[in-house]
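Okay, structure first, notes after.
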Amino acid sequence: MLDIQQLRTDLDNVARQLAKRGFVFPIDAFNALEAERKKIQTRTEELQAQRNAASKRIGQAKAEGGDVTAIMNQVAHLGDELKQAEAHLDRIKREMQAMLLEIPNLPHASVPDGKDETCNVQIRRWGEPRRFDFTVKDHVGLGEELGLLDFEAAAKLSGARFSLMKGGLARLHRALAQFMLDTHTQEHGYQETYVPYLVGRDSLRGTGQLPKFEQDLFAVSAGGADAAGIPEYHLIPTAEVPITNMVRDEIIPLQALPLKYVAHTPCFRSEAGSYGRDTRGLIRQHQFDKVELVHIVHPDDSYEALEQLVGHAERILQKLELPYRVMTLCTGDMGFSAAKTYDIEVWLPGQNAYREISSCSNCEAFQARRMQARFRNEQGKPALLHTLNGSGLAVGRTLVAVLENYQNADGGVAIPGVLRPYMNGLDQLRKSEQNASEL
RNA sequence: GGAGAAAUGACCGAGUGGUUGAAGGUGCACGCCUGGAAAGCGUGUGUACGGCUCAAACCGUACCGCGGGUUCGAAUCCCGCUUUCUCCGCCA
């Protein structure tokens, strides 16, 4: 949510900045609503003041045993008008709030202009894609030929965009998540958290998924779908939601900052509107695991924190020796809540392309304002925090990257060195039946 | 799922219709005192929104879990909800 004060005083500039990300600010509607708000609020408060003054006099008169009917008559007519004014003001405030909740964050000055992902800017590259002297397979071919990846079974159980892994592959998937958690907690100073996978609407509003992106979420109601108009819970689309909302309606003491949390969770996304995209394989699933990093920081420190955050995510790929590049997203490609976003894209030999494996964003005070997430500043006054989040990393996509980058001519897949301790020492996924049962 | 109890400021805690933003205490800040500290004494100590302002001061409004209602007036009365605790049932 943007600062209403800023909208009142600097509207044209705000509208111009939002236009860069393809958002058309309803200037006229806003101004009209704001003018009405001012008028009605002034009137309402005036009436309230009259009522309060009269009531006070009634109290005094009664205490002195005086006659009260004269004042009562004076104030009698106020009731209806006041009630009407209050209702009107309430309506306007709701309307204003609804408008505010639909407006995306302002892009930071350092974000490149552009309409879509073709305008993103590469800022660095790490590692060289390996050269293969055989025809590479993609992760689907590899996983299915190993007998460890079964999309048919997943489709039978749940439908499209679900996956089922077995044996060494399922173990590798778990190993990746463990490895990421261990690295972030032991080397990068994050506190591990275990969080709910079902969250309420307030939480989703806080981080910006609601009200605008309801169709991207899965809703859950106790007692089944028939029970509900408004669903009780939503499955988290990312651990960013539960983790960041830990500070909702809180005032964090200055010396507690920065807060750095990591969680490994499944994520659930409806992928509405992505029909036909990435239909093959593990890249785009309704359910996937992710290790998520969240920073809750002092506003002065948030851009430094963003650089650290990206570095922490990159560190995972470096340890796995997977080539990647870091992109600054342009204004037109950023998510709703972000002021600045870096995407990390990993090299996938099966697609002969770099594909997103992490997205790290500074949301500045955008989420904090929605959440009323504050800290007590140097003057002892509550002030809005800045929130950041980033994948560190998407586990499923990392698994894809390992399979494709570490494949051998015989269809086997080497286990990256850092993962072997998590794999009971196994150094290779082989095309043998035993493979699965050895573990 | 059933029965009961509770929810007040940073914290504890008083307050069953009338100058209550809210007694008292703790904590915190500042001052006095002291060689220094403690104790003691004094003063102060919420947030949000709006008006007027360059700004501050000032003024107004709202806020005692949340949402409604009754009333000239609600922390206080009524209704609904949420959360926490206790007991019973069920359960990984």
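Taking a ≥ b ≥ c as the square roots of the Cα gyration tensor eigenvalues, with a/c under 1.5 meaning rounded and otherwise prolate when a/b beats b/c, else oblate, which class fits segment A:107-257?
Verdict is oblate for segment A:107-257.
Where in segment A:86-147 are there trypsin sites (Lys or Arg not before Pro) that are in a DSSP coil and have at most 15 other Cβ atoms within 10 angstrom of their Cβ?
Numbers: sites: A:ARG91, A:LYS93, A:ARG94, A:LYS115, A:ARG124, A:ARG125, A:ARG130, A:ARG131, A:LYS137; in loops: A:LYS115, A:ARG130, A:ARG131, A:LYS137.
Qualifying residues, ordered by number: A:LYS115, A:ARG130, A:ARG131.
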Inset, instruction - Quick one: of A:LYS137/A:LYS340; A:LYS156/A:LYS319; A:LYS156/A:LYS290, which pairs are farther than 28 Å apart, Cα to Cα? - result: A:LYS137/A:LYS340; A:LYS156/A:LYS319
Legend entry - Sparsely packed chymotrypsin sites (Phe, Trp or Tyr not before Pro) within segment A:263-329, loop by DSSP, other Cβ within 10 Å at most 16: A:TYR275
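Residues of chain A: accessible area per residue at 1.4 Å, in Å²?
Here the residues of chain A average 48 Å² of exposed surface.
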Inset, instruction - Please work through chain A and write down the cysteines that have no neighbouring cysteine Cβ at a distance under 4.7 Å. - result: A:CYS267, A:CYS360, A:CYS363
Legend entry - Dipole magnitude (debye, nearest 20) for segment A:305-439, charges at Cβ of Lys, Arg, Asp, Glu: 640 debye
Inset, instruction - Kindly express, to the nearest 10 degrees and within the range 0 to 90, the angle between helix A:27-63's C-alpha long axis and the longest C-alpha principal axis of chain A. - result: 50 degrees
Legend entry - Those lysines that a straight Cα-Cα span of less than 17 Å connects to A:LYS93, excepting residues fewer than 8 apart in one chain: A:LYS38, A:LYS39, A:LYS83
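Which whole-number percentage describes the relative contact order of segment A:117-438, with Cα contacts under 8 Å and a sequence gap of 6 or more?
On the way: 666 pairs, mean separation 79.3, N = 322.
With pairs under 8 Å counted, the relative contact order is 25 percent.
What's the extension gain from A:ALA353 to A:GLN191 if we count 0.36 nm per residue and subtract their Cα-Cα distance?
Details: separation 162, 0.36 × 162 = 58.32 nm, distance 3.38 nm.
Stretched out fully, the A:ALA353 to A:GLN191 stretch lengthens by 54.9 nm.
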Inset, instruction - Take the alpha carbon atoms of segment A:120-195, find their center, do the same for segment A:232-278, and report the distance between the two centers in whole angstrom. - result: 21 Å
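Against the globular-protein guess of 2.2 N^0.38 Å, express the Cα radius of gyration of segment A:157-244 as a ratio, rounded to two decimals. List each step's numbers first, then the result.
Details: Rg = 16.4 Å, N = 88, 2.2 N^0.38 = 12.1 Å.
That works out to 1.36 for segment A:157-244.
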Legend entry - Full-extension gain in nm, A:ALA170 to A:ALA155, via 0.36 nm per residue minus C-alpha separation: 3.7 nm
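Just check segment A:41-86 against the gyration tensor rule for me: Cα atoms, a ≥ b ≥ c as the square roots of the eigenvalues, rounded for a/c under 1.5, and otherwise prolate or oblate depending on whether a/b exceeds b/c.
Details: a/c = 4.11, a/b = 2.18, b/c = 1.89.
In terms of gyration-tensor shape, prolate.
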Inset, instruction - Could you list which residues have their amide H under 5 Å from that of A:LYS290, counting only those 5 or more apart in sequence or on another chain, with H placed in the peptide plane? - result: A:THR265, A:CYS267, A:VAL395
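Dipole magnitude of chain A about its Cα centre, charges +1 at Lys/Arg Cβ and -1 at Asp/Glu Cβ only, in debye to the nearest 20? Each step should come with its number before you reach the end.
Details: 51 positive and 58 negative charges, 76 e Å.
My answer is approximately 360 debye.
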Legend entry - J(HN,Hα) series, segment A:208-216, from Karplus relation 6.51 cos²θ - 1.76 cosθ + 1.60, nearest Hz, glycine and proline x: x, 6, 10, x, 7, 10, 4, 5, 8
Legend entry - Paramagnetic label zone (point 7 Å from Cα along Cα-to-C-beta, A:GLU378; backbone N under 15 Å) in segment A:240-283: A:254-255
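Summing Lys, Arg as +1 and Asp, Glu as -1, what charge do residues with Cβ under 13 Å from the Cβ of A:LEU210 carry, A:LEU210 excluded?
Values: positive: A:ARG201, A:ARG205, A:LYS212, A:ARG370; negative: A:GLU102, A:ASP202, A:GLU214, A:ASP216.
Combined, the nearby Lys, Arg, Asp and Glu give 0.
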Inset, instruction - Using a 1.4 angstrom probe on heavy atoms only, work out the carbon and sulfur share of the accessible area of chain A in %. - result: 48 percent
Inset, instruction - Could you sort A:397-403, A:351-357, A:191-197 so that the peptide with the highest average Cβ count within 10 Å comes first and the rest follow in order? - result: A:397-403, A:351-357, A:191-197
Inset, instruction - Determine the distance separating the Cα centre of segment A:344-401 from the Cα centre of segment A:26-75; give it in Å without decimals. - result: 47 Å
Inset, instruction - Please give the contour-minus-distance gain from A:SER55 to A:GLN178: 0.36 nm per residue of separation, less the Cα-Cα distance, rounded to one decimal in nm. - result: 37.8 nm
Inset, instruction - Taking chain A as the reference, fit the longest principal axis to its C-alpha atoms, fit the long axis of helix A:167-187 to the helix C-alpha atoms, and give the angle between the two in degrees, 0 to 90, nearest 10. - result: 60 degrees
Inset, instruction - Provide the per-residue ³J(HN,Hα) series for segment A:364-371, in order, calculated from phi with Karplus coefficients 6.51, -1.76, 1.60 and θ = phi - 60°, each as a whole number of Hz, with x at glycine and proline positions. - result: 6, 8, 4, 6, 4, 5, 5, 8
Legend entry - Hz values of 3J(HN,Hα) by residue in segment A:290-301 - Karplus curve (6.51, -1.76, 1.60), Gly and Pro given as x: 8, 9, 10, 10, 10, 10, 10, 9, 5, x, 5, 9
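The values are calculated or read from the model by the stated rules, or taken from the named source; none is laboratory data. From a predicted model like this one, the values you see are computed outputs, not experimental measurements. Here the Cβ is made from the backbone with ideal geometry for all residues, glycine too, and neighbour counts use every protein chain on show. Each accessible area value is taken on the protein alone, full model and side chains, heavy atoms only, with ligands, DNA and RNA left out. Shrake-Rupley method; radii C 1.70, N 1.55, O 1.52, S 1.80 Å.
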